[in-house]
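Chemist: A single structure is presented below for examination.
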Amino acid sequence: MPTAASCPAAPRESNTGSVWLPRLPRRAAPGSIAGVSLSQLRSFVAVAEEGNVGRAAVRLHIAQPPLSRQIRALEDELGTRLFARTPRGMALLPQGQVFLEHARAILEAVERAVVAAREASRGPGPAPRWADGG
């Protein structure tokens, strides 16, 4: 019979006496689109480019703990780790590098879509004149 030490998903006791429970990945169903938000993509790209959660948090104008939670939630959603955590920061793993290329492309495509929609709303004629003279 396997013991708690031989089973990676089994609860273990830490040095402080508290029980450590492993984080099990939550994966999207096969064939479904993962529930990844644009905010998570922006956060991921910032952490990947900065190599450090603290610097990425400053860049994004948010606190570090929510940014760390967002990265963990993204990894849980994808079912894989994207970064190696080190005492000096965050290093992209090979799967993180692949995801970074796609994340950048997605964010660039969204930006192009926003610009295109705004330009289309202006139409071919002059800019609209509002009732207040603006």
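The values are calculated or read from the model by the stated rules, or taken from the named source; none is laboratory data. Worth saying up front: this structure is predicted, and the values here are computed from it rather than measured. So basically every Cβ, Gly included, is an ideal-geometry build from the backbone, and we count neighbours across all protein chains shown.
Chemist: If a residue must be of a type outside the set (Ser, Thr, Tyr) and surrounded by fewer than 18 Cβ atoms within 10 Å (Cβ to Cβ), how many such residues does segment 74-99 contain?
Modeler: The first filter runs over segment 74-99 and keeps only residues of a type outside the set (Ser, Thr, Tyr), leaving 74-79, 81-85, 87-99.
This time we only want the ones that are surrounded by fewer than 18 Cβ atoms within 10 Å (Cβ to Cβ), so: 76-77, 79, 81, 84-85, 87-89, 91, 93-95, 97-98.
Count: 15.
Chemist: Restricting to segment 61-91, what's the tally of residues that are assigned to a helix (DSSP H, G or I) and of a type outside the set (A, V, I, L, M, F, W, C)?
Modeler: Counting residues in segment 61-91 that are assigned to a helix (DSSP H, G or I) and of a type outside the set (A, V, I, L, M, F, W, C) gives 10.
Chemist: Here are some conditions: (1) surrounded by fewer than 12 Cβ atoms within 10 Å (Cβ to Cβ); (2) farther than 16 Å from Val45 by Cβ. Gln64 meets all but one. Which one does it not meet?
Modeler: (1)
Chemist: Shifting gears a bit: Given the options Leu100, Leu93, name the one that is under 16 Å from Ser37 (Cα atoms), at pLDDT 95 or above and not acidic (Asp, Glu).
Modeler: None of the other options fit; the residue is Leu100.
Chemist: Another one. May I ask you to list the residues in segment 92-116 that are outside any helix (DSSP H, G or I) and either closer than 15 Å to Val53 by Cβ or aromatic (Phe, Trp, Tyr) (or both)?
Modeler: Leu92
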